[in-house]
Structure formats: structure tokens, C-alpha cells
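A short reminder: the numbers here are calculations on the coordinates, not readings from a lab. Being a predicted model, the structure only gives us computed values, none of them experimental. Glycine gets a Cβ as well: all are built from the backbone with ideal geometry, and neighbour counts include every protein chain shown.
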Amino acid sequence: MTRFSEDQLEFARSKSGYMDRDASIEFLETMDIRMSVGHWSAGDFCDRFAPPGYHSDDPGFASTFEAQCRRTKAAGISAIEIHQHLFEKSLNGEIDWPALERARDGLLSELGLTVTACNINTWTNPRFRLGGMCNPDAQLRREALEEVRKAIEISRALGISIISVWPGSDGADYHFQIDYLESLGWFTEGLITLNRECAEAGIRLSIEPKPYEPRELYMIVPTAGAAILVAQEVNRSCGGTNCGVTIDFGHQKMEATTASTACDLAAYAGVPVHKFDINDARQGRNDQDCIFGTLSLPESVEYLYTTFVRDYRGYYSQDQFTYRDDPTRAMERSMVNFANLSLKAIRVYEQRDTLQSAREAGTGPDVLDLVSPILVG
């Protein structure tokens, strides 16, 4: 089975020139290429240079979940991701069931928004500053596991099919600070327990790697290869392939590899990619989370081409921090860029047999003879 039907490919062939907002939305819907937004991408943004927030001087700007949902919809996107803490009475506190039910039956229904994934926050609360599932305190490790268990309950109530674990505070700032093997064991053992519970609930568990930040030296799964290795061990212990990976475009740039190679490494290892996070960044820099398709055009097209060849049918979720810009405009721009670059990737996809022949020649110009007219046309 190929990623696109003949009718879809015929629709793509009918496109010429640049697609604007409306054409981009129609294109993604017709091609069944699904986009979502992390709720944080639709809110205010803080960093150590502007801790109050870059929009904190605007009394009309709200960072409530409702405001984030409305901005997402205004950007032309009908799917959103959450963190489990959005529906807790306090940070890492009890689940706020009335708030969840109000959102599910009111706001989300009103806007026609699908909630596609639940991400885990075990780093904002200062009690997790030394780690979540890898904290040196066994009680805090158990509390971190409970955060994922709360996410399972929230996901069941909202019909969410993926829980993604990005272990923000798990890792080290200095050499000698942790026994990496011991910490990796804690992390994997916790995920084995949680994966069994997720599988029973019909929810897929995903691991998101990142080289560093907020930990300064490394995070517990610093590379895509590390996350894939852990997912393999989780699946070996549990049976099946319920545990997979989340591949973030910018994290792979930090790693100085590519999202394409991470995608294929997961395929090689037999580990599913449950979710892709899209953004853009410069190679080997910090996690810049810029608007998709603004810094790495050939790489972005190759990435999309690879996901199409590997028959990925899940969501591509915007994970971007456009600090100084209107988040609605930034999300819309990312969506439009994504659609236009997806069209280029489909042009290459239709010539994949020719591309394979060019690859067999082994030289750059042979491949570029095919892809360059598509990339710059």
C-alpha cells in the first residue's frame, strides 16, 4: 500500500505555484496529511531574558487553555496537543475533572478541536528539579510515574491515543553527577510499567529524545538512537510494539543528524514513530523551535519525503516558540510552509523510482539533477 491514492496524487499534480492559507488547508485535508499544535505554541513565551513573557505587556493577551485553543483554530488548524498539568488542580496535583469535562463538552466541541496527544510535565515543578523518573529520590521517581498515570486517565476521558514522555529534567549538568547506567535503568523500568498500563488502556506510549536543555550536559535519552534502544527494551519486556518514539525536527538538528535519518533508524530497528514534532533550527545549536521551513528547506523536503515513503499517517505537531511574534500568525505561517514543502516532497515521491536509480549512481549531481528543479521551482 502506498501513502497516497491515485486520486490524491492527481490532485497534487493539479497544483501549480504557491499555495496560500486556504489552498494549504485544502491541500492538507485532501492529501490526509494531519497537522496539530502543541498548546504551548499558542500561548505566551518566556525565557531567562524576558521571564514575565514577551506578550506580558498586552492586557488583551491571555495564555489560558481556551485562548490557546482559539488561536489554534484561528490559524486554520483543528487539532491540539496538551500536557497533563492543564487538567490538574495545581501543578502535579489532583486531576481537575470538572475543568476537563467543561473543556471536552464545551470549548473543544464548540471549536471542533481534536486532542491528539498528551505530553508529560515533570520538570516545571521545582520538586522535580533533579529529575522525574530518574530522580535520586525513590519517592520522587514514584511521583513522576504517577504523573504519567494521571495522563492515562486524562487521555481515556478525552479519547487521546498517544502519551509522549519528554524527560525534561532527567539527566545531568556536570560530569560524575549521575551513574548513567543506573538512571537509564530507572527510566526504562518505569516505562515498562507504564507501557503495560497504556497498552491496557489502548494508548500508545512514546519517548521523545533531546541532547540537552534544560539539563546542560545531557538528557537521559540524548539521541534518537538512545530513545529507540529504550523503546526496543520496553517492547521486548512487554511484547508488541506499543512503545515508540517522538521525533522532533529541531532536536535532530541539535544532535547534528536529521529527522529523516531518525525516522529510518526507527524503521530499521522495528520501533514505530508515534509522533513527529515540527519546527526549524540551525545545525548544532540550541532548541530554537523556529517556524517550520524557514531555515532548512532541502532538509525539510527530504524529511517529509522520508515520512511519506515510510507510510507515516499520524500527526505532524507544531512545537515552536516564536517568542516575539503573534502566535496565531506564526502557527498559520508554519502550516502554509508545511503544505507547500509537502507538495514538493510529493513531487519527489512520484519520482522515487528515478531517485533510486540516481542514488545507485552514487554521486551528488545525479541526485540533484532530479531534486533541484523541484526544490527551487
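Between the range 1-72 and the range 264-314, how far is it from one alpha carbon centroid to the other, in angstrom?
Using only Cα atoms, the two centres lie 16 Å from each other.
At R0 = 22 Å, how high is the FRET efficiency between Lys89 and Gln139 if r is their beta carbon distance? Nearest 0.05 is fine.
0.60
Angle, helix 364-376 long axis vs. longest principal axis of the chain, Cα atoms, 0 to 90°, nearest 10?
Tilt of helix 364-376: around 80 degrees.
Express in nm, to one decimal, how much length is gained between Glu197 and Glu146 on full extension, taking 0.36 nm for each residue of separation and deducting their alpha carbon distance.
Answer, rounded to one decimal: 17.2 nm.
Figure the gain on full extension for Glu350 and Leu181 (residue separation times 0.36 nm, minus the Cα-Cα span) and round it to one decimal in nm.
56.3 nm
What does the charge add up to near His55, with Lys and Arg as +1, Asp and Glu as -1, over the other residues with Cβ less than 12 Å from its Cβ?
Spelling it out: positives minus negatives among the neighbours equals -3.
Can you put His251, His85 in order of Cβ neighbours within 10 angstrom, beginning with the fewest?
His85, His251
Could you count how many Lys pairs in the range 6-376 have their Cα atoms under 18 Å apart, skipping same-chain pairs fewer than 8 positions apart?
5
Quick check: pseudo-label points 7 Å beyond the Cα along Cα→Cβ at Leu9 and Asp326, how many nm apart are they?
About 4.0 nm separates the two model spin labels.
Which net charge results for the neighbourhood of Thr328, defined as the other residues with beta-carbon distances under 10 angstrom from its beta-carbon, given Lys and Arg at +1 and Asp and Glu at -1?
+2
Starting with the fewest neighbours, write out Ser296, Ser109, Ser357 ranked by other beta-carbon atoms found within 10 Å of each beta-carbon.
With the sparsest Cβ surroundings first, the list reads Ser109, Ser357, Ser296.
Choose one answer from Asp289, Asp366, Asp326: the residue with the largest mean-square fluctuation in a GNM of the chain with alpha-carbon springs under 10 Å.
Residue with maximal mean-square fluctuation among Asp289, Asp366, Asp326: Asp366.
Give me the one-decimal nm value for the distance between modelled label points at Arg21 and Val376, 7 Å along each residue's Cα-to-Cβ direction.
Label-label distance for Arg21 and Val376, simple model: 3.2 nm.
Round to the nearest 10 and give me the degree value, 0 to 90, for the angle of helix 21-30's Cα axis relative to the longest principal axis of the chain.
In the chain, helix 21-30 runs at an angle near 90 degrees to the longest axis.
Normalised by the residues of the range 6-376, what does the relative contact order come to in percent, with Cα pairs under 8 Å and at least six apart? Write out the running numbers ahead of the final one.
Numbers: 661 pairs, mean separation 60.7, N = 371.
Here the relative contact order equals 16 percent.
In what sequence do Tyr315, Tyr180, Tyr323 fall when counting other Cβ within 10 Å, fewest first?
Fewest to most other Cβ atoms nearby, the residues stand as Tyr180, Tyr323, Tyr315.
Using the beta-carbon distance between Asp369 and Thr30 and R0 = 35 Å, what value does 1/(1 + (r/R0)^6) give for FRET efficiency, to the nearest 0.05?
For R0 = 35 Å, the calculated efficiency reads 0.70.
Search the structure for amide H atoms under 5 Å from the amide H of Arg34, placed 1.01 Å from N in the peptide plane, and list their residues when 5 or more places away or on another chain.
When sequence neighbours closer than 5 places are left aside, the close amide H contacts are Tyr316.
Rounded, prolate or oblate: pick one for the range 205-321, where a ≥ b ≥ c are the square roots of the eigenvalues of its C-alpha gyration tensor, a/c under 1.5 means rounded, and failing that, prolate if a/b is larger than b/c, else oblate.
oblate
Kindly provide log₁₀ I(q)/I(0) values, in the same order as q = 0.14, 0.15 Å⁻¹, from the Debye equation applied to equal alpha-carbon scatterers of the range 6-376.
-1.26, -1.43
Pull out the extension gain between Ala99 and Glu153, defined as 0.36 nm times the separation in residues minus the alpha carbon to alpha carbon distance; nm, one decimal.
Full-extension gain reported as 18.0 nm.
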